[in-house]
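Working notes for the structure below.
FYI, it's all coordinate maths here, none of it is from the lab. Source: prediction; values computed, not measured. Positions of Cβ are backbone-derived with ideal geometry, glycine not excepted, and every protein chain shown enters the neighbour counts.
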Ligand SMILES: Nc1ncnc2c1ncn2[C@@H]1O[C@H](COP(=O)(O)OP(=O)(O)OP(=O)(O)O)[C@@H](O)[C@H]1O
Ligand SMILES: Nc1ncnc2c1ncn2[C@@H]1O[C@H](COP(=O)(O)OP(=O)(O)OP(=O)(O)O)[C@@H](O)[C@H]1O
Ligand code: SF4
Ligand code: SF4
Ligand SMILES: [Mg+2]
Ligand SMILES: [Mg+2]
């Protein structure tokens, strides 16, 4: 599958008084056309920062430091998102990209009916009232909501319905790429399941590509095609969902997956220690203070994300033949 | 032996023009033997309201709570002190419980002083260290820190250390792990199990996360719109739920195994309407509007919570409120 988005060496950080504290470091990632790519990792590992960097929506003190992001749309046009001007970006976002930020369920304007919230932007971009309405209705259908919801105010809707309205608004222009951050975190499992299944339907129906950011390993196992595991601002491992769950290579992925109980009553030990924050990322491999397989080299040298098998990348010295032989 | 906690016909109706039946005739018990009981249900199903009533923070509209045989609403000062010591709460975000200018050490010392737990400084120090080790924290790493210098997981465990100092008989924990990452969740839950097994401490564990309830084992109570739909041994209920709502709920858990994905597509299923108990009335099965097996009688009266009339060996270990099993 060709890459819809090719991210290379992407770094983003927080501008301090004297220097920038790097939050996301040197991310290389191909997002394949039509896939659901799950991005997982502990709280604070930089998932949302990566998502906002991809959308070029970082706000100070957040800064984009370096890298490139090549977006290839099907008409053969390609863009480096990093190099685009604000107005070019606005145009591209409106037509082809869509972003559902963390917590957006609560971002609907309480005094406006759903209709206005769904159609205002469409109309601003030149659609007629009638066109905008029919697009809104078509989008609502994708998330299993009836047109009559257009006349409701947000407070009249349950959390699941509000989240559906947000999704519908995000997909009404049939975007090529949807970045959804913690889409179902606040919802109960039944609603979560329905919405995730609707998301699969949207992917199939629109042929969209989806980056789904979550800390819930169950959610990625259920709907992702591939998984990127993030740790302390870097991609630790990337592979197919079956591959990552069955034979995780990176000790951090192994810890994450090992801490999932398989059977009722089975006891598992959690990961030891705590994840570092950007202000105290460790030297060398950032996972080294918590890694059960750490060796001397890990403290000094940063492992690069390298291909380890078909469709699998990991950043760990254990798989670095020369280094591991030295150890 | 006397049950540790008995909840009898609890009802909580919040007023106003649109009455909310937050808790609608709920009864259950926590036995004297150390047990973990998980109270699960979707948002708004009444979990926190039940917790607040049990903790004596809210006066119920009807019904009562007996702790160690005595009605918590009726009892006097001496009894109050016993209750405050023996029943401890742990909430979702312990941040609010801590005074931000106090270091962890101060948080623990205050408890020791308030409850007169230690006779000397040395004894207090030893108690603190033991409590921290009981929750897998290293004293030298946390005692000298302010709450904001601890991670979410560490703060939650500090909260447990504080609770441990008081050696309660019952912990009421309302969504204590929903802010903690999966990797660290297990260690928090392991501590509750150790408390039960080694220190005789029971827990009423409130969560909307069924996989956490499954991990804890013990007993489970499934709530829906303020009513109990099914209750019993966690393993029994999770492996083979009987109530159609419990079945839907349990089959919707996102199993962290890509080879066991949801088989049925629910995206066209009817959505739950909002406004609990509004127009259709509540003299019916509240799940009737979503139930794939709904029958005429389900609309006529409320099904009673009782042992299911089926031949399964485990039917004695649980109760179900559904006409399919009457
Ligand atoms: N605007 C900001 N100001 C200060 N710190 C920030 C800002 N944005 C991000 N950070 C810090 O950068 C780190 C990464 O944050 P980010 O929100 O990307 O993590 P995340 O993986 O999305 O976490 P979560 O799972 O909790 O949503 C965190 O330590 C966070 O505190
Ligand atoms: N003080 C109050 N006044 C009015 N209504 C209330 C009050 N407290 C709770 N409710 C309502 O009672 C119902 C049950 O609320 P409760 O907080 O017990 O649910 P919950 O199961 O804990 O939900 P969650 O998982 O979201 O925490 C909800 O409909 C809620 O809006
Ligand atoms: S590089 Fe070393 S410390 Fe890092 S994950 Fe691999 S073995 Fe562990
Ligand atoms: S009582 Fe009727 S509507 Fe309610 S769960 Fe049972 S079969 Fe379904
Ligand atoms: Mg985030
Ligand atoms: Mg609650």
I'd like to compare B:58-68, A:84-94: which one has the highest average count of other Cβ atoms within 10 Å, and what's the full order after that?
B:58-68, A:84-94
Over the alpha-carbon set of chain B, work out the extent along each principal axis and list the three values in angstrom, largest first.
69, 52, 43
By per-residue mean of other Cβ atoms within 10 Å, what is the highest-first order of B:6-16, B:132-142, B:245-255?
B:245-255, B:132-142, B:6-16
Taking every residue in B:189-199, how many Cβ atoms of other protein chains lie within 10 Å of its Cβ, on average?
1
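What number, in percent, do you get for the relative contact order of chain B if the mean sequence gap of Cα pairs under 8 Å and at least 6 apart is divided by its residue count? Walk me through the numbers before you get to the answer.
Values: 547 pairs, mean separation 62.2, N = 326.
Once normalised by length, the contact order is 19 percent.
What 222 nm value per residue comes from the helices of the protein assembly as shown, counting each DSSP H run with n ≥ 4 as -39,500 (n - 2.57) and dividing by all residues, nearest 500 deg cm²/dmol?
Values: 21 runs with 207 residues, N = 653.
When only DSSP H runs of four or more count, the value is -9500 deg cm²/dmol.
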What is the helix-to-structure angle for A:129-142, meaning the angle in degrees between its Cα long axis and the longest Cα principal axis of chain A, kept from 0 to 90 and rounded to the nearest 10?
50
What do you get for the angle between helix B:152-165 and the principal long axis of chain B? Use alpha-carbon atoms, 0 to 90 degrees, nearest ten.
70
What percent do you get for the relative contact order of chain A when only Cα pairs under 8 Å and 6+ apart count?
19
Averaged over peptide B:209-218, how many Cβ atoms belonging to another chain are found within 10 Å of each residue's Cβ?
4
Mean separation of Cα contacts under 8 Å (6+ apart) over length of segment B:119-261, as relative contact order %:
15
Considering every residue in B:174-187, what mean count of other chain Cβ atoms within 10 Å of its Cβ is obtained?
6
If we sort A:228-239, B:33-44, B:288-299 on the protection proxy, mean other Cβ atoms within 10 Å, highest first, what's the order?
A:228-239, B:33-44, B:288-299
If one puts a single equal scatterer on every Cα of the protein assembly as shown and applies the Debye formula without solvent, what log₁₀ I(q)/I(0) results at q = 0.06, 0.10, 0.12 Å⁻¹?
-0.37, -1.04, -1.40
In a solvent-free Debye calculation with one equal scatterer on each Cα, what is log10 I(q)/I(0) for segment A:97-174 at q = 0.25 Å⁻¹, listed in the order of the q values?
-1.29
As I understand it, the value is the acute angle between the Cα axis of helix A:159-171 and the longest principal axis of the Cα atoms of chain A; what does it come to in degrees, rounded to 10?
90
